[in-house]
Amino acid sequence: MIHLPPIDTFKANCKREIIRLALNEDIYNGDLTTLATIPETKNLQALLKSKSHGIVSGIETAGLILKEAKSGLRLNALKSDGDRVFPGDCIFELSGRAWEILTYERTILNFMQRMSGIATATNTFVKEVEHTSAKIVDTRKTAPGLRFFDKEAVLHGGGANHRIGLFDMILIKDNHIDAAGSIRKAIQLAKSYLSDHQKDAKIEVEVRTLNELALAIDEKPDIILLDNFNLDDLKCGVEIVKQKSAIKTEASGGVDIDTVRKIAETGVDFISVGALTHSVKALDLSLVIQNTNES
């Protein structure tokens, strides 16, 4: 029997592996420019500054990068993950050997610009629905290898995480339903599997029509996903679920910044937005050297 580590340990291990890969793919056997032009003993201070308005994310990740690199640099955080920043705001100070600052600069920026872009996009959606009880949630449409970082950034933006991967929740989608034979059978099989294997996981099922919704309600899953419903049908579906059960509802499909407010106003509990992570626009950040004093 394979003994897997707890999820928090698994997550931390994955993050370390990705950071090591990112450092190795950039540096390999040395930063030629820095090795050629910067004395090994030279000390510098640098400031990470925002050049845009947004939500910062990845400060903790920057610290993990320096730790994995076994760096002697000192990071003094001036902001926290989840803080709003404006052009010119200083996010953190780095001080120590110049060659380390210059060598690790791009890896830090690559993570932080993407994460801050995700956090900023998430917060934009969250602000649109804050007058309702709907929660903005992410999807599995993340960059391969970066899922834990992407989903952490969603949290920093005020959103919530949907399932992390295939392992922590049952989500019965249209292809599962068609392959199983019916929506009823798919839910029943899912419940039997959890019981037989003594697993504790929520069951969510996707429905495509109001007829499928009625069948799903009878089987009492934890969440019903109303996929690509128009606003009228979505509102009707949410009302039906609330009248008949305590099942949570989720909306997906056709969600963008122009439609999310009206979707939230239907009373749906969750709104999943793939664009938070699959179409992210990086936040513009820059690392600026502050002095060139010799050590």
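The values are calculated or read from the model by the stated rules, or taken from the named source; none is laboratory data. Given the structure is predicted, the values throughout are model-derived calculations rather than measurements. So basically every Cβ, Gly included, is an ideal-geometry build from the backbone, and we count neighbours across all protein chains shown.
Tabulated data
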| quantity | calculated |
| --- | --- |
| Set Thr120, Thr103, Thr142: member being under 27 Å from Arg16 (Cβ atoms), touching a strand residue (DSSP E or B) at 6+ places or on another chain (Cβ under 6 Å), crowded, with 17+ Cβ neighbours inside 10 Å and of a type in the set (Ser, Thr, Tyr) | Thr120 |
| Complete set of residues in the stretch 162-190 that are part of a loop (DSSP other than H, G, I, E, B) and among the aliphatic types (A, V, I, L, M) | Ile164, Leu166, Met169 |
| Unmet criterion (only one of (1) free of Cβ contacts under 8 Å to residues at least 60 places away in the same chain; (2) assigned to a loop (DSSP other than H, G, I, E, B); (3) among the hydroxyl-bearing types (Ser, Thr, Tyr)) for Tyr193 | (2) |
| Given (1) under 29 Å from Val255 (Cα atoms); (2) without any contact (Cβ under 8 Å) to a residue 60 or more places away in the chain, index of the condition Ala121 fails | (2) |
| Unique match (being within 14 Å of the chain's Cα centre (by Cα), among the hydrophobic types (A, V, I, L, M, F, W, C) and under 18 Å from Val288 (Cα atoms)) among Phe111, Phe148, Phe92, Phe86 | Phe111 |
| Number of the exception - Pro144 against (1) without any contact (Cβ under 8 Å) to a residue 60 or more places away in the chain; (2) in a helix (DSSP H, G or I) | (2) |
| Residue ID - farthest from the chain's Cα centre (by Cα), chosen from residues in the stretch 245-267 that are more than 16 Å from Asp222 (Cβ to Cβ) and acidic (Asp, Glu) | Glu265 |
| Helices (runs of 4 or more DSSP H) wholly inside the stretch 207-279 that include at least 2 residues being within 16 Å of Asp174 (Cβ to Cβ) | 210-219 |
| The lone exception for Ser182 - which of (1) touching a helix residue (DSSP H, G or I) at 6+ places or on another chain (Cβ under 6 Å); (2) surrounded by fewer than 14 Cβ atoms within 10 Å (Cβ to Cβ) it fails | (1) |
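Here is a yes/no grid of residues against (1) surrounded by fewer than 13 Cβ atoms within 10 Å (Cβ to Cβ); (2) at pLDDT 95 or above:
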{"site": "Ile223", "(1), (2)": "no, yes"}
{"site": "Gly237", "(1), (2)": "no, yes"}
{"site": "Gly254", "(1), (2)": "no, no"}
{"site": "Ile257", "(1), (2)": "no, yes"}
{"site": "Val260", "(1), (2)": "no, yes"}
{"site": "Asp269", "(1), (2)": "no, yes"}
{"site": "Ser272", "(1), (2)": "no, yes"}
{"site": "Thr277", "(1), (2)": "no, yes"}
{"site": "Glu294", "(1), (2)": "yes, no"}
